[in-house]
Amino acid sequence: MIDLANKRIVHISCASGKGGTATILLPLLEALNKKSKVELITFAETPIARIAREKGIKVKTFLMKGKFEIAPVRGLINYLKENKADLIHSHDYKSNLIAFIASRFVRVPIVTTVHALTIFAGRITNAFDSLKLKLYAFLDLFIIRFFDRLIAISENTRGFLIKVGVRSEKVQTIYNGIDLDKYKKIDFEKIANIKNQYGIKAGDRVLGIMARLVDLKGHRYIIQAMPGILEAEPRVKLLIVGEGVLEKELKELVEKFNLEEKVIFVGYKADVENYYHILDVFVYPVIVEAFGLALVEAMACGIPIVASNVFAIPEVIEEDKTGILVPPKDSFALAKATIYLLKNKEAAEKMGARGKDRAVRCFLIKNNIQENIDFYAGILSKIN
């Protein structure tokens, strides 16, 4: 296998630094920084760029003021001509387009990780009717067929990419992973402060969802399920951790059901691990999901799970072993499964323990990093 020590691997990301992409990308960059000449290219001064710099990773930013501008892309092309890369790895639909354009001028192998299916949602659900999103989806699906290789973060995602025209031999599945140590540590003082801040008292049962407040995460379905859950378990509270465009709409839905005292919006939290340790049940009523990193985080904390039976989720959750899977958009089924776990402590504890074991066996970040490194070495060995 080829040695990466003298290879320059350039990552391009337009991610903000608050989602799953950053959770996977930053540890990978940190590991590559010890093994190769790695560099991160961004088009805004994002949190991911700041954190990468703090970790000693070389970062180059070409400021892009609008949604898409030619000047920063031209700047990147000139930069790559002067600073030759051996491989370019992009991480989202906008960076895919930029990597594709750049590769036409600098003749560098390009790969991408398909971190999400959101941009393809117009092809696979009725969740979006935005013409703009459909155009992005069409463009991205066209472009990625010209990439040298692709990484899918689940077998389900790999199957989808093949279905829409990517050659099967181009696509490799590498599962996401987490730093288990981060979720094993329990800071009892911080947890006590969080409970006090949000009025969670001894004897309260706590449900939680950690996800961006967007349609595809399905928050409305757990909110709609809450009246039924409360009828069976009156001391339940729901923590919604995350931020997004649907915050106002979801708060209005909470008011409609008179749940203001029961549903707590806490916003984005960098120390999300402390919030998992408060939960009795993690709920994940998504409509589309390419992997579900939050599921692995909950599993690592030993939390039983109720999740939608869609896309890649059955690859992460073993049905009735590490969690209960329910049909999407079904608030009644969501309530029924949640009530079962709240009322059956032994079953919930067994699911939580099996989930923690599965997280350790299957979804560690060190495995993800090594598989990415082997992936790079395989591509570069064929070129050399």
> Taking the Cα-to-Cβ direction at Lys163 and at Gln197 and moving 7 Å from each Cα, how far apart do the two end points lie in nm?
Replying inline: 4.1
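Full extension from Glu45 to Ile101: what is 0.36 nm times the residue separation minus their Cα-Cα distance, to one decimal in nm?
Numbers: separation 56, 0.36 × 56 = 20.16 nm, distance 2.18 nm.
Taking 0.36 nm per residue and subtracting the Cα distance, the gain is 18.0 nm.
Quote the FRET efficiency, to the nearest 0.05, computed for Lys343 versus Lys182 with a Förster distance R0 of 35 Å and r equal to the Cβ-Cβ distance. Provide the component values of the computation, followed by the final result.
Details: r = 31 Å, r/R0 = 0.88.
Efficiency, rounded to the nearest 0.05: 0.70.
Hey, which of these cross-link pairs are over 27 Å Cα-Cα: Lys55/Lys190; Lys18/Lys81; Lys18/Lys195; Lys201/Lys256? Walk me through the numbers before you get to the answer.
Working: Lys55/Lys190 25 Å; Lys18/Lys81 31 Å; Lys18/Lys195 23 Å; Lys201/Lys256 25 Å.
From the list (Lys55/Lys190; Lys18/Lys81; Lys18/Lys195; Lys201/Lys256), the Cα-Cα distance tops 27 Å for Lys18/Lys81.
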>> Need the full-extension length gain, Asp357 to Ile383, defined as separation in residues times 0.36 nm minus the C-alpha distance. One decimal, nm.
In response: 5.4 nm
> Between rounded, prolate and oblate, where does region 234-275 land on the alpha carbon gyration tensor, with a ≥ b ≥ c its root eigenvalues, rounded for a/c under 1.5, else prolate if a/b exceeds b/c?
Replying inline: oblate
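Mind checking region 305-355 for GluC sites (Glu not before Pro) that DSSP puts in a loop (not H, G, I, E or B) and that have at most 16 other Cβ atoms within 10 Å? Present the calculation step by step, with values, prior to reporting the outcome.
Details: sites: Glu315, Glu318, Glu319, Glu346, Glu349; in loops: Glu318.
Here the sparse-neighbourhood loop sites are Glu318.
Efficiency by 1/(1 + (r/R0)^6): what FRET value for Asp204 and Arg145, r their Cβ-Cβ distance, R0 = 35 Å, to the nearest 0.05?
Numbers: r = 51 Å, r/R0 = 1.47.
After rounding, the FRET efficiency stands at 0.10.
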> Simple spin-label model, 7 Å along Cα-to-Cβ: Glu233 to Glu155 in nm?
Replying inline: 3.2
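According to the square roots a ≥ b ≥ c of the eigenvalues of the Cα gyration tensor, what is the shape class of region 180-362, taking rounded for a/c under 1.5, prolate for a/b larger than b/c otherwise, and oblate for the remainder? Could you put the intermediate results ahead of the total?
Details: a/c = 1.30, a/b = 1.12, b/c = 1.16.
Verdict is rounded for region 180-362.
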>> Under the rule that an exposed site lies in a DSSP loop and has at most 11 other Cβ atoms within 10 Å, name the longest stretch of the chain with no trypsin sites (Lys or Arg not before Pro) of that kind, not counting the sites themselves.
In response: 202-384
> What residue among Ala202, Ala337, Ala353 shows peak mean-square fluctuation when the chain is described by a Gaussian network model with Cα springs under 10 Å?
Replying inline: Ala202
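No lab work stands behind these numbers, since they all come straight from the coordinates. Keep in mind the model is a prediction, meaning the values are calculated, not measured. A quick note on method: Cβ atoms are made from the backbone with ideal geometry, for glycine too, and the neighbour counts reach across all protein chains shown.
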